[in-house]
Amino acid sequence: MQNTEPQDATGKLPPCTVIIPTRDRPADLDRCLEAVSRLEYSTFDVLVVNNAPANNATRDVAQKWGVRYLVEPRPGVSRARNSGARACDSEILAYLDDDSVPEPAWLSALVEEFSDPAVMAVTGRTLPVEVTTDAQHLFLSRGGFDLGPNRRSLDQQTPYWFETANFGGIGIAANVAFRRSVFQSWRGFDERIGLGTPLGGGAEPYAFFSLVAMGYRLVYTPRAIMAHPFPRTMASLRRRHLKQMTTTAGYVALLFLEQRRYRTELVQYASRWIRGVPPVWRTQVTGPLPRIAPRWREVLTAAAGPVLCGLSLLLYRISRQQILDGVQHPTRPS
């Protein structure tokens, strides 16, 4: 996709691909691609990764905008993101969700941060598409997706880097770019977890945590602005909140089992989370967070998290074994 906007002063912008995982939301994707077409970047590719689609509506939207199209038949946004990365050869890979609306300078602001060779991932600022309903105002009062107007750099020398990376303090995968070369040494998004698995989340923070744990640096730049919808009704906000409680509890269980060296930091964070204390990196929110659901419902839904995490890991092992069995014992033609 080409844009008529001029290049920067050096004229040396690295090649980029904008990867958009999606699943059966053609209207959202159409709005996203319309915004992407207005990006102020000299030349870039766009790849739509259709994850386990039910019909051809997404393909039609991709054809309408003249962008690349790929089908990932196995459900799971982590699989879709990794498949997109493997299908690209651009120096920088930028990710959007299909309901994201990037501002024109979004991509160039992300790319600027890669002038530091230690930086392997850059996230941007995520603001609401609108704030008109009571539910949206309540979500905003809890911070929403926004990390504020100040740039952040995160590596192992950063205080509280473990909880910052793992629990939302450096950004979200709906607004992020990676140096493609990192996928040669990094496993990518963990396909055992994330949207499309029983746990339904955790893959984004695990990606950020694993990169910092490998010694890389991450940056949050408030200049790379993208808009994302907020829940419109109290019912949808409550469902989202309770699902987040389940996901977080399951993700904590995963970290406790697999990241033993960080158990002290994990227990300290979990203790504050249970008491409703805002994270240390959530500087724009002070005091206890406004309540969305009764405490007893939060406890019950959180209790399901470790179970769903275990189910996600089990199903992944089964699927991997089935793939290996298929490779070792391919079906012979009759």
* Rounded, prolate or oblate: which fits the range 218-266, taking a ≥ b ≥ c as square roots of the Cα gyration tensor eigenvalues, rounded meaning a/c under 1.5, else prolate when a/b beats b/c? -> oblate
* Asked: Hey, what did the range 88-176 get for relative contact order, percent, Cα under 8 Å, at least 6 apart?
  -> 41
* Structure fact -> So residue 37 and residue 267, fully extended at 0.36 nm per residue minus their Cα-Cα distance, gain in nm 78.3 nm
* Asked: By how many nm would the segment from residue 291 to residue 153 grow when fully extended, if each residue of separation counts as 0.36 nm and the alpha-carbon distance is taken off?
  -> 46.6 nm
* Starting from the Cα-Cα distance between residue 320 and residue 56, subtract it from 0.36 nm times their residue separation and give me the gain in nm to one decimal. => 92.3 nm
* Asked: Taking Cα pairs under 8 Å and at least six residues apart, what relative contact order does the chain come out at, in percent?
  -> 18
* To do: Starting with the highest mean, order 47-59, 130-142 by the number of other Cβ atoms within 10 Å, averaged over the residues of each peptide.
  => 47-59, 130-142
* **Computed helical MRE - 222 nm, the chain, DSSP H runs ≥ 4 contributing -39500 (n - 2.57), nearest 500** => -12500 deg cm²/dmol
* To do: Can you bin the range 181-329 into rounded, prolate or oblate? Criterion: square roots of the alpha carbon gyration tensor eigenvalues sorted a ≥ b ≥ c, rounded for a/c under 1.5, prolate for a/b above b/c, oblate for the rest.
  => prolate
* Convex hull of the range 186-241 built on C-alpha atoms - directionally averaged projected area, nm² -> 5.6
* Can you pull the one-decimal nm distance between simple spin-label points at residue 307 and residue 63, each 7 Å off the Cα toward Cβ? => 4.5
* Asked: Does the chain come out rounded, prolate or oblate by the C-alpha gyration tensor, with a ≥ b ≥ c the root eigenvalues, rounded set by a/c under 1.5 and, if not, prolate when a/b is larger than b/c and oblate if not?
  -> rounded
* Neighbourhood charge, 12 Å Cβ-Cβ cut-off, centred on residue 193 and excluding it, Lys, Arg +1 and Asp, Glu -1 -> -2
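Computed from the coordinates by the stated procedures, all read-outs in this text should not be read as laboratory data. Keep in mind the model is a prediction, meaning the values are calculated, not measured. Positions of Cβ are backbone-derived with ideal geometry, glycine not excepted, and every protein chain shown enters the neighbour counts.
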